[in-house]
1. Looking at region 75-117, which of the residues that are under 12 Å from Trp59 (Cα atoms) and among the β-branched types (Val, Ile, Thr) is surrounded by the fewest Cβ atoms within 10 Å (Cβ to Cβ)?
2. Keeping to region 99-131, report how many residues are modelled with pLDDT of 95 or more and farther than 28 Å from Leu223 by Cβ.
3. State all residues of region 149-176 that are open to solvent by less than 90 Å² (accessible area, probe 1.4 Å), modelled with pLDDT under 95 and of a type in the set (A, V, I, L, M); if no residue qualifies, say none.
4. Which residue out of Glu179, Glu174 is out of contact with any Phe, Trp or Tyr (no Cβ under 7 Å at 6 or more places or on another chain) and either of a type outside the set (A, V, I, L, M) or in a loop (DSSP other than H, G, I, E, B) (or both)?
5. Mind checking which residues of region 76-131 are aliphatic (A, V, I, L, M) and assigned to a strand (DSSP E or B)?
6. Can you pull out the residues in region 54-74 that are farther than 10 Å from Lys106 by Cβ and in a loop (DSSP other than H, G, I, E, B)?
7. I'd like to verify a number: residues in region 77-98 that are modelled with pLDDT of 90 or more and not basic (Lys, Arg), how many?
Amino acid sequence: MRIIFILIFLVPNFIISQTNTQTDFRSALTGENTNFGTSFFYNQPSKVILGSAYLFDEWDNDGEIQTLTGERFLVRNINLNISRNAFEAKINDNDSIFSFTFNNIKQIIINGKSYKNYFYNEDNRVYELIYSGSDFTFLKGFSVKLVTGSGNPMVNRSNDKYVKKESYFIRSVENNMIESFKLSKRSLNKLFENSSLDVKRILAFIDSSNLSYKDENDVIKILEFAFGK
């Protein structure tokens, strides 16, 4: 398996010249033809907006793009634009951005976490893969909304602000159906009915390990015990 390092700082002039047009990030760097996304300029808003529409607070993230054909590409300064539902990479200090589509991309790994794009029920979204089992995948989705400020001093919100939210989902391997899932005892107990282990044994494990139904890391441990790693 080849690993191709994408050194985006070495070729900024080529990429940023393709403003608002469909371009090929890989061909820009290697001369090969694989359509990965679009490059464009990102203009900062003139008014002050608190927070960010991006998943990560900082841009110094190294990402690995894994393609459907088994290749791997390493990209610097990558982030997830939640409002655009797209991964973007900063090309230089002038706020030029390359936006990745998921054409020929299997998944993107950032900071040791895997992200995939799924389309279901007219909704196209990037999810973080929390747990993968033989029958289902446990996912985390992200959303962001802009809350407008108010001139009312009683509201104590003079500036607009981005508010980010995380939600959990279960994706069926059998029919690719994606359903909302709450981190709760009731939801997990219902899920345990599909485990090969006796439910009482799973509940005993949760109790003896002092695990929480509402803590993501604890839920991962529970799922690994109930359905295997």
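1. Ile110
2. Of the residues in that region, 0 qualify.
3. Of everything in region 149-176, those that are open to solvent by less than 90 Å² (accessible area, probe 1.4 Å), modelled with pLDDT under 95 and of a type in the set (A, V, I, L, M) turn out to be Val155, Val163, Val173.
4. Working: Glu179 fails: out of contact with any Phe, Trp or Tyr (no Cβ under 7 Å at 6 or more places or on another chain).
From the options Glu179, Glu174, the qualifying one is Glu174.
5. Taking region 76-131 and keeping what is aliphatic (A, V, I, L, M), we get 78, 80, 82, 86, 89, 91, 97, 105, 108-110, 126, 129-130.
Correct list: Ile78, Leu80, Ala86, Ala89, Ile97, Ile105, Ile108, Ile109, Ile110, Val126, Leu129, Ile130.
6. Across region 54-74, the qualifying residues are Leu55, Phe56, Asp57, Glu58, Trp59, Asp60, Asn61, Asp62.
7. Restricting attention to region 77-98, the residues satisfying the condition of being modelled with pLDDT of 90 or more are 77-89.
Applying the additional criterion that residues be not basic (Lys, Arg) yields 77-83, 85-89.
Looking only at that region, the number is 12.
The values are calculated or read from the model by the stated rules, or taken from the named source; none is laboratory data. Given the structure is predicted, the values throughout are model-derived calculations rather than measurements. Note that each Cβ is placed from the backbone with ideal geometry, even for glycine, and that neighbours are counted across all protein chains shown. When the accessible area is computed, the model is the full protein with side chains, heavy atoms only, and any ligands, DNA or RNA have been set aside. Shrake-Rupley method; radii C 1.70, N 1.55, O 1.52, S 1.80 Å.
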